[in-house]
Amino acid sequence: MKGLLEFLYKHNHWLLFILLEGISLVMLFSLNDYQGSVWLTSANTATGSVLEVKQRVTGYFGLQSENERLAEQNAQLTAQVFGLQQALDSTALVRLTAETVSQWPFGVVPATVVENSTGKLNNYITINKGTADGLRPDMGVISSDGVVGVTYRCSRHYSLVLPILNGKSNISCKVRPGESFGYLEWLGGDTRTAQLRDVPRYADISVGDTVVTSGHSAFFPEGLMVGVIRDFEPSADNLSNNIYVQLSTPFAHLRHVFVIQNAGADERQELRDMVNDKRK
Amino acid sequence: MNRTLSRILTFVVLALVQVFILNKIHLFGYATPLLYLYFILTLGQDVSRNKLMLSAFALGLVIDVFSNTFGIHAAASTLTAFLRPALIRLFFLRGGDGEPFTPGIHAMGVGAFVRYALLATLLHHTLVFCLEYFSFAYLLPLAISIGGSTLLTLMLVMAIEHVKGK
C-alpha cells in the first residue's frame, strides 16, 4: 500500500496529465451537442461581453467605409427621387414628355462637410469633393433635409459652397401651394431663418406654406425643400411681402451633402455667356 | 512575483492575440497560426511540471471557449506541456549543473531551440487538427493544415524569440 502511494506520488504528473486530458476529451465528446454547455462557448456572458467590446472597438474601423457606402446609396436614391419627381411632374403637367425629363439627367455626388461656419454674415462651407469628382462652380448643393447652397469655387479635391447663410446667396424659390415666386436671402443672425423677397402682395400665402426651389435657376431642379413660412409682413414699400422662412436644413450640424450635377446648367450658362458676349 | 506577473501578462496577451487576430487567419484556407503555444514552449523551467500542465490546460481552455472548439486546444496543450521536458531533453542536454532555465534561443541556441519548437509545434498542431477533423478521410487537407499551420506558428515563434534576443 505504501509502495503504491509512493509510486503515485512520484508519478503525480501522470495522474494530472490523465485527469486534464480526461476533462478535455469529455468536453470534446460530450459537450458538443449538449445544450447546457453554453457556458463553455463564446455565447456565455463573459466571453460574449469580451467579444462585444471587441466588436465595439473594431466596429469603428468600418464606420468610415460604412458611412461612405450609405452616402453613396443615399446619393443614388436621391437621384432616383429627382427622376421620379420629374416624371411625376411631367405627367401631371401634360405635354412634358420623356424628352423633357431627359433634360434633367442629374448626377448626384455625395460629399462630406469638412469646414463650416454659421456665425458670420458671409458664411462658407467647404466640402471634400472637387473638380476631380466632376464638380464645377454653380452647382446646387443639398442635404437630406433641404437646400444647402451653391458651389462657389472648386479646387481639385475640395469645393467652397456658398450656403443660404451667406449675404451673397440668392436662390429662386416658390411657395407651395400658391406658386408665387421670390428670392431667398439671408440677412445674418438666426441660422434657421431666411427671408423670401419679391413675393407680390396679392400672392396667396399663409403661415405654414412650404417654400421649395422654383426650378428657374439652373442650380436646382424644381421642388426641392427649402423651408416653411413662419411669418410675413408687408415690405417697406408696400409692394411685396417680406416672408420669414424657417429653413429646413440644420446648417449648424451639417455633415453629409449632395452636389447636383445639373447637365442643363452648362447649356444655360453657355447661352447666358453667349448673350453677354454679344452685348459687349 | 514580478516574474509571475509577466507570465500572467504573456498568458493574457497571447490568448487575446490568438482569439482576436490569429484565429481569423486561414492562409490559403488551411493554415492558422496557433501562437499561444509560445507560452507553453517558453515558460521557465523553474515552474513545476504540474503547474506547466495546469497553465497549458487553462490557456487551451480559454482558446477553446472563445473559438467554440470544446476542449481540443486544452487537450493538445496539456499533452504538449506533459511532453515538454522530454522534448527539451531530446535536443538539449545541459552539462550537469541542473539550473532551471527559460527555453529559448538565448539558453538553448538557435539550432536546438528550432528543433525543439518544431517538434513540439508539430505534435501540438497534429493533435489539434486531428481532433478538429476527427477523421482520416481527408488526409491531404489535414496534412496541409498541420504542415502549413506548424510552419506559420514556428515562424511567429522564431520572430518573437529573435526580437526578444535583441
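The values are calculated or read from the model by the stated rules, or taken from the named source; none is laboratory data. Remember, it's a predicted structure, so these values are computed and weren't measured experimentally. Cβ coordinates were reconstructed from backbone atoms using ideal geometry, including for glycine residues, and neighbour counts include every protein chain displayed. The area values use the complete protein model at the heavy-atom level, side chains included, leaving out ligands, DNA and RNA. Shrake-Rupley method; radii C 1.70, N 1.55, O 1.52, S 1.80 Å.
Key figures for this structure:
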{"quantity": "Karplus (6.51, -1.76, 1.60) ³J(HN,Hα), θ = phi - 60°, over segment A:15-30, in Hz, Gly and Pro reported as x", "calculated": "4, 4, 4, 5, 4, 5, 5, x, 4, 4, 6, 4, 4, 4, 9, 10"}
{"quantity": "Per-residue SASA entry for B:Met158, accessible area with 1.4 Å probe, Å² rounded to 10", "calculated": "40"}
{"quantity": "Residue-count net charge about B:Asn50 - beta-carbon cut-off 15 Å; Lys, Arg +1, Asp, Glu -1", "calculated": "+2"}
{"quantity": "Segment A:109-263, relative contact order [Cα under 8 Å, separation at least 6], %", "calculated": "26"}
{"quantity": "Amide hydrogen neighbours beyond the local backbone of A:Arg153, cut-off 5 Å, H modeled", "calculated": "A:Leu160"}
{"quantity": "Residue-level accessible surface for B:Ser6, protein heavy atoms, 1.4 Å, Å²", "calculated": "60"}
{"quantity": "Efficiency of FRET between B:Ile25 and A:Val275 - r from beta-carbon atoms, R0 51 angstrom, step 0.05", "calculated": "0.15"}
{"quantity": "Karplus-derived 3J(HN,Hα), 6.51/-1.76/1.60, for each residue of segment B:117-126, Hz, glycine and proline x", "calculated": "5, 4, 5, 5, 5, 4, 4, 4, 5, 4"}
{"quantity": "For A:Glu270, solvent-accessible area (1.4 Å; no DNA, RNA or ligand), Å²", "calculated": "120"}
{"quantity": "Cα convex hull of segment A:109-263, projected area averaged across orientations, nm²", "calculated": "8.2"}
